[in-house]
Every structure is written in structure tokens, then in C-alpha cells.
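The values are calculated or read from the model by the stated rules, or taken from the named source; none is laboratory data. Note that the structure is a prediction, hence the values are computed from the model and not measured. So basically every Cβ, Gly included, is an ideal-geometry build from the backbone, and we count neighbours across all protein chains shown.
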Amino acid sequence: MSSSPSPSGAAPSNRARPETMRRRLRKGTHSCWECKRRKIRADHDIPTPMSMIGDPSRYLAFYTSSEVPSQDKYERLSRFLHQSLPSRRDTEKICTAARHPSVLAHEIMTMPYTNLDQNGLATPETLLEIPEPHIHPVLIARHMLLLASFLQQLHPELHKEIRGLSESPQAIRERLADLAANLVTTNDELLGSIEGLECVMIESVYQANIGNLRRSWISGRRAMSIAQLMGINRSHNQAQYKVLDPKTKYNPHHMWFRIVFLDRYLCLMLGVSQGCLDRSMASDVMLANDTPMGRLERIHCVIASRILERNESNYDIALTRTVDVELQIAARSLPSKWWLIPNLEMVSTDSQALFWNTRRLFAQVLHYNLLNQLHLPYMLCSLPPQSKYEYSRITCVNASREVLSRFITLRRFNGIACSCRTVDFLALMAAMTLLLAHLDSNLSDMENLLAHQYHSDRAMIEQVQENMKEVNRLNSDALSAQSADLLRRLLTIEVETAGCYPRRASRVSVQKAGAETVLPDQDDAVVSVHIPYFGIIKITHEGLSKEVPKPRASTAATNGPARSQVEDRSSTISPETLHAEPQMHFSTQARLSRVPNIEAMTPVNNGNGNIEAPSMMPDTYARTQAQVGTIPIPATDAIDVTTHLTLQPQNGLSDPLLQLGEYPGLVAGTEDWAFQGVDLAFFESLMRGTGNEENIGADWAMMGEVRMNNQT
């Protein structure tokens, strides 16, 4: 007779042991004790890892079988996960392949810097401590995620140098991460432990390093929900979690801080709302118990929350000034020399020192990015009488330079795309900010305060673009490739610094089907950026404008059959089919709606019960179907950078183009959506500004008068 279950939270009694014994195999037989009692033969047809990759539904049916007792189910899952691990021989080859000595950085998610400073971080050799097949599946999944994360840090050239592996390093990494995510981190039954929470946190960082910011954000929100259920977000409460392995090192309040820190960091990049308003991580007690860099990161976490709050409160200028002062105070909390760019080469042979110097560089980049995020909405608002916003422009310029100089340092030393991935996004935004600031300053009727820095800033951006090209060459990386291409096109818009007139680009090179076409005697260079779910941004010497496709009536012939299919994308579309926001001259306050024009986004009912999609492309983009990869390149006077075509229905109707896959999915990976919506958040913040809408028309009129005076 089996023993009765012990009360919730009570220690298991000795009477539970015989029940465990029955599930073990009897020596010399193929049956377990339970099967012997039931007089049936045990089923040992356990799925293999390779069979599950080809047919995951097979394992799902096996795993969710109602006839399998809960404990037996976990044992089977553990065995399956263990079979999925690479052999010890492969693991040894992987652990010794790093070009620079490295550490396992996951410990910063669970332990404060004070502990890690004293004890040091774990080294890759700990990955050779392969878990046993009978332990809890969460512990095996943690090992899988740690090994996958370590494989992210391997230089791509080493992939060919590691001889004798049963699979390529990339295949091992993707298989381990996918299995851990599909079978453990998304399984609610397995996530009531500290190690389960740790797995979700590691997965979130793993996705961010790949460049999948949206998937990282979703995993982070999952971690936040689990942590709140555990109660680790509250300082005085009884623990509502368990610890599977007594050797696990963790600090629950520090884990909560890291979860919130990553959430706010991603929210600023993606333009979404923060998950919680907790700011206790920067209390006096928490700050007193941390290291100087740890204190700075805690303050950054709170400031990020305040910036997100400011964005939700219509870009309140008073709050902006308050946060600016707080950032100045935070910077002064560290010695001046701490703000020098760390020399990574000097410590390249010391794994611990290299890690801490990289963390220091990352903290510096985050600080300057916060300054950019804080002042970006006011950067193009310096036209009189709004010259009070010149401070914001200069702050953005200086902060962007600091970000770019550190990006160059990082990527010269570390060309691994999946290492410090989010810095690549921040560098792209900083480069665009710096270029737009120079265009704005050059067109203002005030004295150009940036004129003498233009050439050095341009050279820095060119270096960033070259570094991105090199990262793409080494890694075949979509984000680096599209970022380098966007910067190359933006750099075709040159600024004439020796006068008040912008210099027109006379010859602009456009890539067409693998060849370079030169367009002579062009009036102006135009860079068009298609941003999913937002619109088309056009950048010229004279300003920034946003266009959104506008629906048009059906062109079906009289008495002919109604057109029910989506309109051919290659057809010519007249200019009047576009809904264009008024062009925003640099130095003009512009405050755009958070969503595209609803009327312009509504699919058209042709009267016969069929929904016709609105036209997608302006005529300048529809004249050619020449393609390089998946990026349409127009053979016109416009320089086009396209991540995906854009359309966003704002009513309840289903959008045919969305159904046909014209958009990337909301959680698409970098291969399908390289910029992940970071470009959307950037331009939305830049173009909304602080001006009242009733003053926008006056600003445009003022700029028109300035242009006329310049021409005469």
C-alpha cells in the first residue's frame, strides 16, 4: 500500500521511499517494480533527441501522457534532455576552443558584484561537470543553456578549427537552446524553483545576444511574472520557492533587480511600457551593499524607469531636466578615470579582468544611451524661439560620440556578433543621431556650433560602418549587414560646413542587383527607410518626413469581375495614393501620433464583399523589382533602405497583407526583422518632440520663410 502524500511544505517522510523503489528497474529484467505489481511489461521505447527534432509532436504526446506518473514524467524528460547533450569529448573541445580566456557570465544574474569580486566568476571548465541523467530536468536545462550561451562567445573562425565534433558549434547551440526553451522554460510545471527562474533569465539574455530583442523581452516578462509569484520582489515575505540543488548560488533580491534592469533596458530600445514601477533596487540599503559599478547600474535602472515614465507622460520637460541632473550626479559618483574607455587588449590574457573591463565599457555605453534616450525628443527643436533646446542637441551629440567610440573599441577587439549584441543596436541609433544633428545644425539660421566637428564625426561613423561590415563578413549577420547598409546610404547626404547652404549630392551610388549604378546630376540625396508597423521615413538635406500608404478605389474594368486578390506590388502607384505627413524640417518641432493615420490604413471594400488591400509602394519604389537578397533596391533618384514593407490596420478588420506574410511577425527573429522595431522607437521619439500641435504649422511657415531668404 502506497504511503499518503505529506502535507504541503513538509519534509517527505521515510514512508515515501518504497514508492520510489517501485519505479526503479529490477536487476536482470526489463520491468520496473510498478510494472511487476501490475503484471505488465514496461515500455522502453524512449524517443531520441534526433527523432524529436524531426517529429517534436511525438515527444509532446509522450511527455503529456496522462498515464505517466508525475515523477516518472520528470525522469523521462531528464533522460531525454541528457541524451540531447553533446558528448563529453565534444564538450571538452568546445571548452578549450575560446580565443581569449573567458568566464561564464550568467552568475551576474544571480549574485551581486560584491560576491563575484571576492570569489571570481565560474570558468568554462565547470561545463565539464555534466549533470547526471536522473536529476531534475531544470538542472539539465540550465546546463544546456549555459553551454549554448558559451557557444555564442566562440569566434566564428574557430567553428572551422574545432575538429572532430559530431555537429557544428552553431547546430549544437541552436539545438540545446531550442530544446531547453520548448521543454523547460515555457513549461509552467517546472518553474517553481530558483533554478527554473534562472533558466528563464539565461534564455532572455541568450535571445538578446542573438539579436532577438522581442523574444528576449517576452522571456524577461515571463521571468518577471515568475519572480512576482515567488515573492522575491518584496523585501519582507516568506519564500514561496524551492531550491533544487543545494550548491546553487543565488540572491533572490539581486535576481529581481536583474530582471527589472533588463526589462527597462529593452523597453527603451523597443518603445514599449515598463513591466513594473519598482525602484527599491536603488534604496540607500541596496546602494550601500554594492560595488561602485553596481551602484551605478542600480541608479541606471531607476533612471530608465523615469525616462519610460516621462515618455508616457507626453515628454514632460520638467521631468526631463530632473532626470538629467540625476544622471550628472550618478556620473560623479565614480572617479573621473573610471570613465576612460577600458583597454581590452591590455587584459586579454586575464579572463576575470577582461570580463570586468567589458562590463565597465557596457555600463558606460548604457549611461550615454540613457542621455540619448532622455534628450532625443528635443534634439530637433532648436529653432527660435525654441533655442532653449540647444542643450538637448549638444547632449545628444556628445553622448552619441561616447557610444560610438566605445563601440569601435569593442568591435575591434571582439568581432563576435552574438557577444554584447545590444551595443550594436545602440551604436546604430547613436550614428543616426549624430548624422541628423549635423544636418539640423547646418540648416539652422543660427550659428552652426557643430561645424568644426563634422569631419571627425563623419570619420567615426564611417569607422562604425566598416566595423559592422566586418562583423557581417565574419558572422553572416543580418543586423550588421543592414545597419552597415543604412549608414552607408545616410553618409551619401553630405553637409557643407563652410557656408549656410547645404551641398547637394551630385553623384550618388545605388546598389542594383549586385552592380553599382551612378546617378549623375541629382538634385538631392533621399534616404527612405521602410519601418514595419510604422511607415516610410524619408531623410534629405531639407528635413525628415513620414509617409504612410493610402487606400485607393478598385481599378476593375466596368462589368468585369471584381478583384479579390491583393494588388500586384509591381504596379505603378501615383503620388496621390500616398498619405504623407507634412515634411518636418530639421530644427522644427514635430509631434506625431503614436500610430499611423487610421483612414490611410483601412483596407478598401470594393462593394462586392471583397476586401482590397491598400497600395503599398510609392511610384519611385515600384518602377523596379531589382533585388539584392530580400531588400528591394529602386533604380530611381531615391536611396532606399528596406527591412519590410509597412502597413498597419487600425480598425477591427483583418488585413489581407498581414495574412499573406507581408509583415514580419511581432516576435520575428533577426533574419526576418533585423532592427526588431528599434528603428521604429527611435524615429517615433525623434519626431514627436515637445511642441504643441497648433504651433507646428507656424514652425513650418517660419522654415519656409527662412529658405526663401536663403535663396535670395
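Summary of computed values
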{"item": "Unmet requirement for residue 182, which otherwise passes all of (1) assigned to a loop (DSSP other than H, G, I, E, B); (2) surrounded by fewer than 16 Cβ atoms within 10 Å (Cβ to Cβ); (3) under 25 Å from the mean Cα position of the chain (by Cα)", "result": "(1)"}
{"item": "Verdict on residue 231 being in the same structural domain as residue 178 (by TED's automatic domain parsing) and touching a helix residue (DSSP H, G or I) at 6+ places or on another chain (Cβ under 7 Å)", "result": "no"}
{"item": "Selected residue (criterion: farthest from residue 209 (Cα to Cα)) from residues of the stretch 238-288 that are among the polar types (S, T, N, Q) and touching a helix residue (DSSP H, G or I) at 6+ places or on another chain (Cβ under 8 Å)", "result": "240"}
{"item": "Any hit, the stretch 396-409, residues being crowded, with 22+ Cβ neighbours inside 10 Å, among the β-branched types (Val, Ile, Thr) and within 19 Å of the chain's Cα centre (by Cα)", "result": "yes"}
{"item": "Residue within the stretch 112-119 that is more than 24 Å from the chain's Cα centre (by Cα) and either among the aliphatic types (A, V, I, L, M) or not assigned by TED's automatic domain parsing to the domain that holds residue 79 (or both) present", "result": "yes"}
{"item": "Options 366, 334, 354, 361: the member that is within 21 Å of residue 107 (Cα to Cα), surrounded by 15 or more Cβ atoms within 10 Å (Cβ to Cβ), more than 22 Å from the chain's Cα centre (by Cα) and not small (Gly, Ala, Ser)", "result": "354"}
{"item": "Any pair with Cβ under 8 angstrom, 6 or more apart, that starts in the stretch 164-187 at a residue that is over 18 Å from residue 127 (Cα atoms) and ends at one that is of a type in the set (Val, Ile, Thr) and outside any loop (DSSP other than H, G, I, E, B)", "result": "184/138; 185/200"}
{"item": "Residue among 258, 321, 295 that is surrounded by 19 or more Cβ atoms within 10 Å (Cβ to Cβ), outside the structural domain of residue 118 (by TED's automatic domain parsing) and charged (D, E, K, R)", "result": "295"}
{"item": "Of the criteria (1) part of a helix (DSSP H, G or I); (2) surrounded by fewer than 21 Cβ atoms within 10 Å (Cβ to Cβ), which one residue 94 fails", "result": "(2)"}
{"item": "Qualifying residue in the stretch 130-149 (condition: part of a loop (DSSP other than H, G, I, E, B) and either buried (at least 19 other Cβ atoms within 10 Å of the Cβ) or under 21 Å from the mean Cα position of the chain (by Cα) (or both))", "result": "yes"}
{"item": "Residue ranges of helices (runs of 4 or more DSSP H) in the stretch 277-378 with at least 3 members among the basic types (Lys, Arg)", "result": "292-312"}
{"item": "Among residues of the stretch 117-139, those that are touching a Phe, Trp or Tyr at 6+ places or on another chain (Cβ under 9 Å) and more than 22 Å from residue 84 (Cβ to Cβ), counted", "result": "2"}
{"item": "Number of the condition not met by residue 187 [criteria: (1) over 22 Å from the mean Cα position of the chain (by Cα); (2) over 27 Å from residue 86 (Cα atoms); (3) of a type outside the set (A, V, I, L, M, F, W, C)]", "result": "(2)"}
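Residue by residue, here is whether (1) more than 28 Å from residue 412 (Cβ to Cβ); (2) touching a Pro at 6+ places or on another chain (Cβ under 7 Å) holds:
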| position | (1), (2) |
| --- | --- |
| 273 | yes, no |
| 296 | no, no |
| 311 | yes, no |
| 319 | yes, no |
| 322 | yes, no |
| 353 | no, no |
| 357 | no, yes |
| 360 | no, yes |
| 377 | yes, no |
